[in-house]
């Protein structure tokens with residue numbers, strides 16, 4: 001006669017309980033939405049910063065100047081040593097003549113540059129790095145190669161971006177943790193209230209021989225529904241807010257210094273993370289709330 | 001079958017509720033458990049239902065040893081019991097039918113079993129025409145009949161009625177007791193906890209008297225005078 005898992009019953013009881021405690025359910029969903037929105041906003045900032053940093057890393061190169069006493073052939077021979085340095089990506093050799101041409105480009109009207117001899121500049125290597133955070137260490141290692149007279153790298157810009165990225169990630173982690181705990185607390189209280197409201201029914205169920213799992217499941221379902229609802233609301237709210245903010249940034253971004261990723265390119269990942277986070281908050285909150293009530 | 005062997009119960013606050021209880025209730029019996037307030041009747045019920053654990057001795061309930069029963073087995077043991085309370089403990093916002101189906105669903109009965117079983121049990125307690133009523137629309141006697149139906153609906157081996165007539169007038173009390181007797185005639189063991197001597201003395205049943213945590217009398221066809229037996 002007994003069935004092990006009455007899914008229909010658990011769902012109907014879970015849904016029913018949400019509407020019975022409408023206000024607390026609403027508060028719990030709002031809390032989850034707030035938590036996920038803040039978590040999502042910081043994550044979006046971090047993702048965009050990361051993307052911009054990636055662009056910068058792609059463009060980021062430092063120059064290694066070859067000793068003036070080296071002939072072009074001797075200078076070219078240094079490339080293999082440079083490529084052997086860890087974190088060095090693409091390496092391009094630029095002769096002093098090419099460097100001067102580059103320098104003159106766009107300055108054709110300047111008579112002072114017209115008669116400059118090639119020897120004014122040195123042969124050089126344009127060196128890309130794989131990890132911008134190690135720019136300084138890499139450039140110093142290249143500088144130590146015999147035949148390299150000097151290096152020129154923009155450490156400050158690289159360090160600035162890295163710092164901004166790390167701060168954003170740190171703040172996001174702290175805020176998300178705090179909000180997750182608050183959401184868990186609110187969900188737990190919502191479920192506790194539902195449990196308190198139904199304590200007579202639960203006492204009767206226990207006296208009839210209901211198992212703890214049977215009593216627990218409707219509350220877990222309730223937590224899951226609240227978590228899922230919060231996740232979906234937060235996702236669409238996040239989408240709307242992101243579109244508004246990115247539109248404003250693009251309109252006021254005269255120098256095109258800031259690039260914004262389209263939300264659609266991140267939508268699936270965000271939806272998945274929101275749903276998993278919402279479900280986790282809901283289920284863990286429910287289980288924590290009813291654990292001690294089931295010991296009789 | 002219930003078997004108490006030299007059972008002692010001492011609560012955390014030091015109260016010694018039971019002091020060496022030896023009691024055997026066989027299948028099919030009808031037993032009155034009588035005694036004044038604070039004598040230990042409720043403690044015996046709580047021990048049988050697994051609400052509390054015993055301090056010393058041995059206790060068997062319908063094949064389960066409550067000395068070393070695991071938490072997972074407690075619900076299974078409770079399914080062999082049907083419990084009736086003095087205050088009925090019905091769910092006000094559910095109809096009579098829903099109160100019964102709720103008890104059946106609690107142990108995982110299928111909707112088909114629920115539909116088949118409830119009309120039979122309601123007929124047994126004489127409430128087949130009141131299935132759609134809410135508890136608030138019923139008299140005290142009818143509410144207690146619903147509680148009896150709920151206790152019976154999962155087909156337990158034993159019915160335990162804790163002061164089932166405490167909230168009823170003498171006429172309704174007699175009706176309830178006669179209903180329990182009828183249920184006993186159908187083969188279910190019945191244990192009635194009460195201190196209503198007039199009611200006990202109208203039936204020729206086994207009477208177990210308890211006082212100050214000890215059984216002071218155990219006699220079939222016994223008589224209860226409310227003081228010393």
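The values are calculated or read from the model by the stated rules, or taken from the named source; none is laboratory data. Treat the numbers as computed from the prediction; the structure is a model and nothing was measured. Reconstructed Cβ throughout: ideal geometry from the backbone, glycine too, with neighbour counts over all protein chains shown.
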State all residues of the range B:70-97 that are more than 11 Å from every other protein chain (Cβ to nearest Cβ) and buried (at least 17 other Cβ atoms within 10 Å of the Cβ); if no residue qualifies, say none. B:86, B:95, B:96, B:97
Check every one of the helices (runs of 4 or more DSSP H) wholly within the range A:134-233 and list those with 3 or more residues that are within 14 Å of chain B (Cβ to nearest Cβ). A:199-208
Look through the range A:100-129, keep the residues that are over 43 Å from the mean Cα position of the chain (by Cα) and in a helix (DSSP H, G or I), and return whichever of them is farthest from residue A:143 (Cα to Cα). A:111
Options B:107, B:118: the member that is facing chain A (nearest Cβ under 10 Å) and within 21 Å of residue B:189 (Cα to Cα): B:107
Take residue A:168 and tell me if it is under 28 Å from the mean Cα position of the chain (by Cα) and touching a residue at least 40 places away in the same chain (Cβ under 8 Å). yes
Residue B:187 passes all but one of the listed conditions (1) part of a loop (DSSP other than H, G, I, E, B); (2) over 23 Å from residue B:50 (Cβ atoms); (3) touching a helix residue (DSSP H, G or I) at 6+ places or on another chain (Cβ under 8 Å); (4) more than 14 Å from chain A (Cβ to nearest Cβ); the exception is number (3)
Residue check, residue A:128 assigned by TED's automatic domain parsing to the domain that holds residue A:147 and under 30 Å from residue A:168 (Cα atoms): yes
Taking the conditions exactly as written (assigned by TED's automatic domain parsing to the domain that holds residue A:179, modelled with pLDDT of 85 or more and either in a loop (DSSP other than H, G, I, E, B) or in contact with a strand residue (DSSP E or B) (Cβ under 7 Å, 6 or more places away or on another chain) (or both)), does residue A:261 satisfy them or not? yes
Would the range B:72-82 turn up any residue that is under 30 Å from residue B:137 (Cβ atoms) and touching a helix residue (DSSP H, G or I) at 6+ places or on another chain (Cβ under 6 Å)? yes
Would you confirm, using the coordinates I've provided, whether residue B:146 is buried (at least 22 other Cβ atoms within 10 Å of the Cβ), touching a helix residue (DSSP H, G or I) at 6+ places or on another chain (Cβ under 6 Å), on the phi < 0 side of the Ramachandran plot and not in a loop (DSSP other than H, G, I, E, B)? yes
Looking at (1) farther than 13 Å from residue A:122 by Cβ; (2) surrounded by fewer than 15 Cβ atoms within 10 Å (Cβ to Cβ), which is the one condition that is false for residue A:68? (1)
